[in-house]
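Report on the following structure.
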Amino acid sequence: MPIRRTELPAGYSILEIDHPAVSARVALHGAHLMEWTPAGQAPGLYLSPQTVYQPGKAIRGGVPVCWPWFGPSPVDSTLPMHGFARTRFWEPGDFSEEAEGVSLKFTLTDDGETRRLWPHAFHLELSMHLGASLRLALQISNTGTDPFTMTGALHTYLSIGDIHQATVTGLDGVDYLDTAGPHAMRRQEGPVIFDREVDRGYHTANPIALHDSARQRILTITGTGSRSAIVWNPWIGKSKALTDLPDEDYQRFVCVETANAREDSITLQPGGTHVLSTVIGIS
Ligand code: TA6
């Protein structure tokens, strides 16, 4: 059985996956995929060695599930950044093993605490398919009696060898909101390069590629149910300011997030469902 459950302090369960095709680690906290390493590859995801494993604190790295809002709450800026799904313990569902890898499911349902933060009934199911590629699918169901409006993101921290040799393609000509500093609308010209903090929200459903030239590989990011893509690298200043991130580690990741952010919000009617998914490939 290629899956083992271990407990970190504070009752924090981690699933360790060791399969011939892939190794991975998932925390029940946030149903947070922390590590995904296809056999014969360098890790696909970045995970900060200074991550704080405590209930209510988001893991720095892997794939945080940002829901039911992306960024600050549109209703109350004192609420947690990026919603509450990534800081709740999810229920593990069924697990299956195939020759190509493993599949896992996790669920989260509203309770008194979530309704205090966001007064709606919901059911989330996160499906993970881990192998040579990675597929995450977040199915969101409105189980209440009134419509709700949501944003969200699969906030993927992709591991790279060197930020100075990394570029992102697939966004040429796409308009974006630049939020690294005073917000401004701009148009992407050519590849995204990294020579400063990059924090951009693109209105797009394009497939995206992260060129990890230092490791001579390309990571492809393909979303469905998504009309936004966020590209983020904290660069030097913000890397120093984030206490759960080593100062130099801005050089080791780029976030390419499959999202529905800001004006790309989605309103779900009672009984409605929406699936936000991302597929990460490495070539
Ligand atoms: O996705 C980009 C972003 O919104 C950045 O502005 C930065 O805040 C990042 O998310 C990390 O947010 P976190 O709450 O995980 O520290």
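Points worth noting:
- Candidates in the range 258-267 are the residues that are of a type outside the set (Ser, Thr, Tyr) and crowded, with 20+ Cβ neighbours inside 10 Å; of these, the one that is farthest from the ligand (Cβ to nearest atom) is 260.
- The strands (runs of 3 or more DSSP E) falling completely within the range 1-107 that include 2 or more residues that are crowded, with 16+ Cβ neighbours inside 10 Å map to 12-19, 22-27, 32-38.
- Selection count where residues are touching an Asp or Glu at 6+ places or on another chain (Cβ under 9 Å) and not in a strand (DSSP E or B), scope the range 134-162: 8
- When residue 275 is tested against (1) buried (at least 16 other Cβ atoms within 10 Å of the Cβ); (2) on the phi < 0 side of the Ramachandran plot, just one condition goes unmet, and that condition is (1).
- Filtered residues of the range 240-257 (kept if surrounded by 18 or more Cβ atoms within 10 Å (Cβ to Cβ) and either more than 16 Å from the chain's Cα centre (by Cα) or closer than 15 Å to residue 47 by Cα (or both)): 245, 249, 250, 251, 252, 253, 254, 255, 256
- Which numbered condition residue 156 fails, given (1) within 13 Å of the ligand (Cβ to nearest atom); (2) among the polar types (S, T, N, Q); (3) more than 27 Å from residue 74 (Cα to Cα): (3)
- Within the range 23-68, the set of residues being under 21 Å from residue 108 (Cβ atoms), within 16 Å of the ligand (Cβ to nearest atom) and among the small types (Gly, Ala, Ser) comprises 27, 30, 31, 56, 58, 61, 62.
Quick note: the coordinates plus some simple rules give every number you see, no bench work behind them. This structure is a prediction, so every number in the text was calculated from the model and none was measured. Every residue, glycine among them, receives a Cβ derived from its backbone with ideal geometry; neighbour counts consider all protein chains shown.
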